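S.K.: Let me begin by handing over the structure; questions about it come next.
The values are calculated or read from the model by the stated rules, or taken from the named source; none is laboratory data. Remember, it's a predicted structure, so these values are computed and weren't measured experimentally. Here the Cβ positions follow ideal geometry from the backbone for every residue, glycine too, while neighbour counts run over all protein chains shown. Note: areas computed on protein heavy atoms with side chains; ligands, DNA, RNA excluded. Shrake-Rupley method; radii C 1.70, N 1.55, O 1.52, S 1.80 Å.
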Amino acid sequence: MDSNGFLNSSHKLHLLTNFKYVDGLLSDIESVLVSSASKSPFPKYRADLSPVQMKVIRDYIAQIRAQMLQVLKSQGISPPEPDIPATRSVRVDLVFADIAFDECRPDALRGYGEVPRSVIPELNGLVEEMRSLVRKVSTYVAEDLGEDFHERLKRLESTGDENELLKTLERIIGDRGLVEFRSALSTILDRLELNTFQVAVFGRVSSGKSSLLNHIIAMDALPVGVNPITAVPTRIVHAAEPRLRVAFVDRKPEIMEVARLAEFVSEEFNPGNRKHVTRIVVELPSNRLHDGVVFVDTPGLGSLATTGAAETLAYLPQCDLGIVLVDAGSTLTQEDLSTVQSLYQAAIPAFLLLSKADILSVEDRERSVHYVSQQISTQLGLNVSVFPVSTRGEHASLLDGWFEHEIQPLCERHQELAQQSTRRKIGALREAVEAALNVKLEIAEEGPKKDREHLRAAETHLRSVTGKFEEVNAWSLRASDEIRQLGWIALSRAAGEIADSWCNKKTNVSGAQEIVLRNLTETAAEGANQIFNRIRDLAQDLSNALVTAASALDAKDRPGHEDLTSFVKELPRFDPGPAKVTLRRFFLTILGRTVTKRRVETKLLKQIGTTVDEAFQRYGKMLAFWCRRTLTELHRQFDAHADAYRAQLERLTGTGKTGAEETDAIRHDLQTLSELHSIRPMHQM
Ligand SMILES: Nc1nc2c(ncn2[C@@H]2O[C@H](COP(=O)(O)OP(=O)(O)OP(=O)(O)O)[C@@H](O)[C@H]2O)c(=O)[nH]1
Ligand SMILES: [Mg+2]
């Protein structure tokens, strides 16, 4: 200590170090106190402290801390600022939790002996459920907390009655820990916030999607170019000031200038979405965005497509109106047809635009429009409106005219429908929350259910089908990959059939062409049907499990039997490409079938080997997209019900206790909800 009564810097450091150590010990004691009150199933300490003792210990801890601070202050020592963000620490722990659950997979257990086959689906399901929960917490922590439900609701003041009920639901979900309803609430808020009528633009790479949207919003906001450009779906919405919102898988969303869009959206600066962007929203003060319209620019489809194409396909069923662009300078492909078909199957109205119409003469334009309409009608049996458009010079009036006459009126009408649909969703959420509260109350009053067997069975059933997702996903990706190699098998089959008929002197030249095409199509269809059946079976199993759970719980939002299978929609068509063969029957057929077959095979390989191989490669890729899209959609639809059922089942079969205070609070919540009569679910409207 110097003559002024102050310690030197080494003394101060020593003091600070020891105080920090003591504070660490006090934190340990605090965690002992917390743990004796915690609901951990693996408590470390026996709860031998009385509530009074705990309180007194806490008070002493507070006093020791206050005095340490006092001493430090008197010596002019300021405690250092913490530099580890709590969110980071929580997320690191969650990563380890995720790994630990993954280590419980049947595969990982094999090292300790064979796992009985009958247990595997349930075990897989258990791991899947646990990891999904861990991931949900992690995503929640990564979200910008400023973007929390509460804040979002505050910004939605104008939604009137619905807002009041939503606020109440948000509070109850938070207060009562009903985390299973967070995703439903989030979906409703998404819809309300975007107030959405989502008009999405689809089409092959470089068909002019981004240019079209730039013209509509009268701003060069989206990057355009000749190579594949757009890599991440981009939403464009109206706002008073221009700004860009980018959300990421692994960190908080960022707000920035619209000029930085290309850094996140383009294949050049964000190849394969390396920056892990989950959502891009461009806010612009454009007049055409006024009526709650959201335009969505999507990554291009087709053989040149980037990884973003899978995301485009996954997003497709969610839009309200689809615009499919076909470059006037190229021909209509199978891919274009299948995009139109997917929209139709998802009951989404579609327009087909012949883009870059400026490169065609007026007559050619008309001819092309006629040709495209006819192709769609003959190949898909659909009537889709086709319009020529352009973004160049005076030709842009085509695009403006189409937008004013076709799109604006639809947007206006749709707003009413969107509002009705949101009201129904809010009503359904309210019912589900009420059901959860009633169960909590029932358990508190009467204790856990006695006849738990059928509840447990429903729980196990749900878990086992959840486990099948992983299995079917891996299997179907492998199967679509195998289809890519089937080209030569199809040709070999065709060669065998041609050889047979030649040796029997039956087939003429045109017959060979027909045999080849039939074999190519049949081989592709066999592989594809296997995949289709397996995924449809899964959908059926999932539906059954949901129905079992719903009836065990006597739930009102019971899904129909057909519900999930209807998401397994028709497979993409196989397109053999220009597989034209010219074969002439030769006299060596007298040498027998084997020689003839080999000879035909060689000819086929030479003439169409590459084309066929490419066709199967392409088809395999399309099927892999289809599988991913279908399974993602199934998972989403399944979880929409299953999350709430699992939580209810767990409540009914678990050992959780509810205190008297909590019971009163639940009663009060139920009362508040019943007083808010303004929103009634669908079946009561
Ligand atoms: N002649 C003509 N060219 C156009 C028109 N619209 C777009 N282009 C050109 O077509 C190319 C591709 O345009 P983009 O708007 O980037 O196409 P995209 O469909 O968004 O492409 P991806 O994002 O890669 O899928 C660019 O070179 C544009 O200049 C048009 O109306 N007429
Ligand atoms: Mg683009």
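S.K.: Kindly provide the set of residues from the range 204-249 that are of a type in the set (Lys, Arg) and within 12 Å of ligand 1 (Cβ to nearest atom), ordered by number. Walk me through it before giving the result.
M.R.: Just the residues of the range 204-249 that are of a type in the set (Lys, Arg), to begin with: 204, 209, 235, 243, 245.
Within the range 204-249, ARG204, LYS209 qualify.
S.K.: In the range 250-286, which residue that is acidic (Asp, Glu) and away from ligand 1 (no atom under 14 Å from the Cβ) is modelled with the lowest pLDDT?
M.R.: Step one: list which residues in the range 250-286 are acidic (Asp, Glu), which gives 250, 254, 257, 263, 267-268, 283.
Filter again for away from ligand 1 (no atom under 14 Å from the Cβ), leaving 250, 254, 257, 263, 283.
On the way: ASP250: 71, GLU254: 90, GLU257: 94, GLU263: 92, GLU283: 92.
Residue satisfying both the conditions and the ranking: ASP250.
S.K.: Output the number of residues of the range 259-285 satisfying the condition of being within 23 Å of ALA142 (Cα to Cα) and aliphatic (A, V, I, L, M).
M.R.: Number of matching residues: 6.
S.K.: Filter the range 650-671 for residues that are surrounded by 14 or more Cβ atoms within 10 Å (Cβ to Cβ) and either modelled with pLDDT under 85 or polar (S, T, N, Q) (or both) and give the result.
M.R.: ARG651, LEU652, THR653, THR658, GLU662, THR663
S.K.: For LEU289, are the conditions met, namely being modelled with pLDDT of 75 or more, under 30 Å from SER330 (Cα atoms), hydrophobic (A, V, I, L, M, F, W, C) and out of contact with any Pro (no Cβ under 6 Å at 6 or more places or on another chain)? Give the steps one after another, and end with the answer.
M.R.: Details: modelled with pLDDT of 75 or more: yes; under 30 Å from SER330 (Cα atoms): no; hydrophobic (A, V, I, L, M, F, W, C): yes; out of contact with any Pro (no Cβ under 6 Å at 6 or more places or on another chain): yes.
So LEU289 fails the test.
S.K.: LEU304 is checked against (1) within 16 Å of ligand 2 (Cβ to nearest atom); (2) under 22 Å from HIS215 (Cα atoms); (3) at pLDDT below 75 and fails just one. What number does that condition carry?
M.R.: Status for LEU304: all satisfied but (2).
S.K.: Working only within the range 344-372, note down all residues that are touching a residue at least 60 places away in the same chain (Cβ under 8 Å) and either crowded, with 23+ Cβ neighbours inside 10 Å or over 24 Å from the mean Cα position of the chain (by Cα) (or both).
M.R.: Hits for the range 344-372 are LEU353, SER355, LYS356.
S.K.: Now, a different point. With away from ligand 2 (no atom under 16 Å from the Cβ), at pLDDT 90 or above and of a type outside the set (D, E, K, R) as the only criterion, which of ALA347, ALA314, ALA357 stands out?
M.R.: Working: ALA347 fails: at pLDDT 90 or above; ALA314 fails: at pLDDT 90 or above.
Result of the check over ALA347, ALA314, ALA357: ALA357.
S.K.: Continuing with the same structure: When the residues of the range 373-428 are filtered to those that are in contact (Cβ under 8 Å) with a residue 40 or more places away in the chain and not in a helix (DSSP H, G or I), which remaining residue is farthest from SER338 (Cα to Cα)?
M.R.: THR391
S.K.: Could you figure out which of (1) free of Cβ contacts under 8 Å to residues at least 12 places away in the same chain; (2) open to solvent by 100 Å² or more (accessible area, probe 1.4 Å) isn't true of LYS39?
M.R.: Exception for LYS39: condition (1).
S.K.: Mind telling me which of the residues VAL199, VAL205 ends up being open to solvent by 10 Å² or more (accessible area, probe 1.4 Å) and either within 16 Å of ligand 2 (Cβ to nearest atom) or in contact with a helix residue (DSSP H, G or I) (Cβ under 8 Å, 6 or more places away or on another chain) (or both)?
M.R.: Working: VAL199 fails: open to solvent by 10 Å² or more (accessible area, probe 1.4 Å).
None of the others qualify; the one that does is VAL205.
S.K.: What about ARG274, is it under 29 Å from SER338 (Cα atoms), more than 14 Å from ligand 2 (Cβ to nearest atom), in contact with a Lys or Arg (Cβ under 9 Å, 6 or more places away or on another chain) and of a type outside the set (Ser, Thr, Tyr)?
M.R.: No.
S.K.: Among the residues of the range 98-132, which ones are of a type in the set (A, V, I, L, M) and crowded, with 16+ Cβ neighbours inside 10 Å? Give the steps one after another, and end with the answer.
M.R.: Start the filter on the range 98-132 by keeping residues that are of a type in the set (A, V, I, L, M), which leaves 99-100, 108-109, 115, 119-120, 123, 126-127, 130.
Result: ILE120, LEU123, LEU126, VAL127, MET130.
S.K.: Take LEU462 and tell me if it is modelled with pLDDT of 85 or more and either over 30 Å from LYS580 (Cα atoms) or surrounded by fewer than 17 Cβ atoms within 10 Å (Cβ to Cβ) (or both). Explain how you work it out, then say what you get.
M.R.: On the way: modelled with pLDDT of 85 or more: yes; either over 30 Å from LYS580 (Cα atoms) or surrounded by fewer than 17 Cβ atoms within 10 Å (Cβ to Cβ) (or both): yes.
Spelling it out, LEU462 is indeed modelled with pLDDT of 85 or more and either over 30 Å from LYS580 (Cα atoms) or surrounded by fewer than 17 Cβ atoms within 10 Å (Cβ to Cβ) (or both).
S.K.: Next up: Pairs, please: C-beta under 6 Å, at least 6 apart or cross-chain, first residue away from ligand 2 (no atom under 11 Å from the Cβ) and in the range 225-241, second open to solvent by 20 Å² or more (accessible area, probe 1.4 Å) and at pLDDT below 80?
M.R.: From residues that are away from ligand 2 (no atom under 11 Å from the Cβ), the pairs are HIS238/HIS290.
S.K.: Is it the case, given these coordinates, that SER390 is away from ligand 2 (no atom under 16 Å from the Cβ), surrounded by 15 or more Cβ atoms within 10 Å (Cβ to Cβ) and closer than 30 Å to LEU623 by Cα? Steps first, answer last, please.
M.R.: Details: away from ligand 2 (no atom under 16 Å from the Cβ): yes; surrounded by 15 or more Cβ atoms within 10 Å (Cβ to Cβ): yes; closer than 30 Å to LEU623 by Cα: no.
Answer is no for this residue.
S.K.: Another question, if that's okay. Given the residues LEU417, LEU410, LEU441, which is the only one that is at pLDDT 85 or above and of a type outside the set (Ser, Thr, Tyr)? If you could, list the steps in order and put the result at the bottom.
M.R.: Details: LEU417 fails: at pLDDT 85 or above; LEU410 fails: at pLDDT 85 or above.
Of LEU417, LEU410, LEU441, the one residue that is at pLDDT 85 or above and of a type outside the set (Ser, Thr, Tyr) is LEU441.
S.K.: Does at least one position in the range 28-41 carry a residue that is over 48 Å from the mean Cα position of the chain (by Cα) and either closer than 30 Å to GLY76 by Cβ or not in a helix (DSSP H, G or I) (or both)?
M.R.: Restricting attention to the range 28-41, the residues satisfying the condition of being over 48 Å from the mean Cα position of the chain (by Cα) are none.
Within the range 28-41, not a single residue is over 48 Å from the mean Cα position of the chain (by Cα) and either closer than 30 Å to GLY76 by Cβ or not in a helix (DSSP H, G or I) (or both).
S.K.: In the range 168-192, what residues are in contact (Cβ under 8 Å) with a residue 40 or more places away in the chain and part of a loop (DSSP other than H, G, I, E, B)? Full working, then the answer.
M.R.: Residues of the range 168-192 in contact (Cβ under 8 Å) with a residue 40 or more places away in the chain: 168-169, 172-173, 175-176, 178-185, 187-189, 191-192.
The answer is ARG176, LEU178.
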